[in-house]
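Following: one structure in structure tokens, then a few remarks.
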Amino acid sequence: MKTTILTEEERKKALSTTKKPEVVERQKLNVRYHVEDIDVNDRPRRFLEAFAAILKHSNYKMVLDHFIRMTARCLRCAAACQIYQATGDPKDIPCYRSGLLLDVYRRHFTLGGLLRGRITGNGYLTDEKIQEMADTFWNCTACRRCALECPLGLDHGLITHLGRYILSEIGIVPRALVVSTRAQLEGPFKNTSAIPVPALKDTLEFLEGDMFEEKGVRIRFPVDVDGSEHVFFPAVSDYLMEAESLMGIAAVFTATGDSWTIGTGYYDGINYGLFYSDRIIERVVRKVDEETNRLHGRKILIGECGHASRTAKQFIPTYCGGSDATPVVNILEYTHRVWKEGRLKLDPDIVTEKVAYHDPCNYARNRWIVNQPREVLKAFCRNYVEMTPTGEDNICCGGGGGTVSIDEVRPYRTTIGGKLKADQIRKSGCEILVAPCANCKKQLRELVEDQGLNCRVVGFHDLIYKAIIFDESLRVEKEAQVIEKEK
């Protein structure tokens, strides 16, 4: 898909004010949905049928019954929402967005709503209401920062997800996500980037050669090793765009000597179902689990990608064995643990630039991974600076909720969705921004470009690779290198 890049004139115009309705309207025109040939008069019926089916076969009804009894419009969530802060549009306030779907539930799926509707003859779902839901649900980055402010504990991110799920069942979902998930689940290569196994192996072999030349150490990417402790699933796009992150991960395992492997049966940790469909979530996590079982792995190791990590952590137990499911570990957890154990040593004189750390929402919002990467970075980055707010209260990169995968809305993402993040980065004065998430990396690199920020976005293990200190027993003498080349 062709990437949209802001012109200098567009960038200056967008940065001149925090209220940018023209960019919002452009987004609504640009988003291409999966199903285009659909009778608009039939959409309300189909929406309600899909809603009813989801309620019948899930636990959402219990959650919605709870939410409609306590819905408030205190607007505290508005202060936490970076979208509303950038647009000033009341329709971007999280509780307004949630109210659109909760009103449909009250009117059509509760006894009181059905009775009032018959008496008054109003409140019926219309195509205009469906279109408004589609527009506003896809304006949201699903960062869930608003949930921290709600005095009643309403999870607006969950309601947004449910609304997108219903819309996707009637074909109203951005085409970019559907194309990617089809390639992953039904395409010949079974991954979102369409990387065939021979290309994967060639990439890994090439990176091994580069690392040998640079470090003088045989750093391997093990493939299809049966019985390894860890079976590794990064965002498959890392094999195309994040070479240094992958090399850093391989270097850590070389230093520790722990067993790991990449499987060729399935090697994509991306799970776009988190953004729009529980059915997709289930199908993808089952593929991850099946590949781990095929290789008799003892743990599922997810790469730096935030949404890939969260879907595996939360939904492998849900769909693949409950308490007996294969344990899920994020690579940041592993690296932090082996560093704490003294099995990973890092040179504090390598990284001299001012370094800041960005918290991916899927790591930090539930306090899963917050302090671990900071402890490691502070140990070898002498000029580490902290952005504010941070941790569980972090500001989203602006491309969360799957919006980063929709290239046609880049102007919206980098001038509205990411405006507060850009301000935060600029204020920190960092020269290197560590972003351990595939989606965050893409969004932040575009944000840096479009907002004219003077910093470089890298992965966590990019810096680990630069600073890692290997045991001398792992080093290969130059003479041995020459002999190997001659062979």
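Just so you know, all these numbers are worked out from the coordinates, no wet-lab data involved. Remember, it's a predicted structure, so these values are computed and weren't measured experimentally. Reconstructed Cβ throughout: ideal geometry from the backbone, glycine too, with neighbour counts over all protein chains shown.
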Rg [Å, one decimal], Dmax [Å, integer] - segment 180-252, C-alpha atoms: 13.3, 41
DSSP-assigned coil residues among chymotrypsin sites (Phe, Trp or Tyr not before Pro) in segment 85-159, each with at most 16 further Cβ atoms within 10 Å: TYR124
Within the chain, helix-based [θ] at 222 nm, where runs of 4 or more DSSP H residues each add -39,500 (n - 2.57), nearest 500: -15500 deg cm²/dmol
DSSP-defined antiparallel bridges as percent of all bridges, the chain, nearest 5: 20
Rounded Å value of the spacing that divides the Cα centres of segment 147-179 and segment 67-106: 13
For the chain, the longest site-free run once GluC sites (Glu not before Pro) in DSSP loop states with at most 10 other Cβ atoms within 10 Å are removed: 187-340
Distance between modelled label sites at ASP103 and GLN314, nm, 7 Å Cα→Cβ extension: 2.7
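Compute the Cα gyration tensor for segment 309-354, then decide on rounded, prolate or oblate, letting a ≥ b ≥ c be the square roots of its eigenvalues: rounded whenever a/c is under 1.5, prolate when a/b is larger than b/c in the other cases, and oblate in all that remain. The partial results should precede the final answer.
Working: a/c = 7.03, a/b = 2.56, b/c = 2.75.
In terms of gyration-tensor shape, oblate.
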Debye intensity ratio in log₁₀ form over the Cα atoms of the chain, taken at each q of 0.08, 0.12, 0.13 Å⁻¹: -0.51, -1.10, -1.28
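Only bridges with both residues in segment 185-469 count here: give the DSSP antiparallel percent, nearest 5.
Once the DSSP bridges in segment 185-469 are tallied, antiparallel ones form about 10 percent.
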Nitroxide proxy distance, nm - points 7 Å out along Cα→Cβ at ALA52 and LEU75: 3.8
Rounded D (µm²/s) - segment 30-173, Kirkwood Rh over Cα pairs, Stokes-Einstein at 4 °C, 1.567 mPa s: 82
Mean-position separation - Cα centroids, segment 182-246 and segment 275-340, in angstrom: 17
Coarse-grained scattering of segment 185-469 at q = 0.08, 0.13 Å⁻¹, given as base-10 log I(q)/I(0) from a Debye sum over alpha-carbon atoms: -0.31, -0.87
Percentage of interatomic Cα-Cα distances in segment 256-357 larger than 15 Å: 67
Loop sites in segment 363-472: trypsin sites (Lys or Arg not before Pro), DSSP, at most 10 other Cβ within 10 Å: ARG367
Cα-derived Rg over Rh, computed across segment 41-112 with Rh taken as Kirkwood radius: 1.04
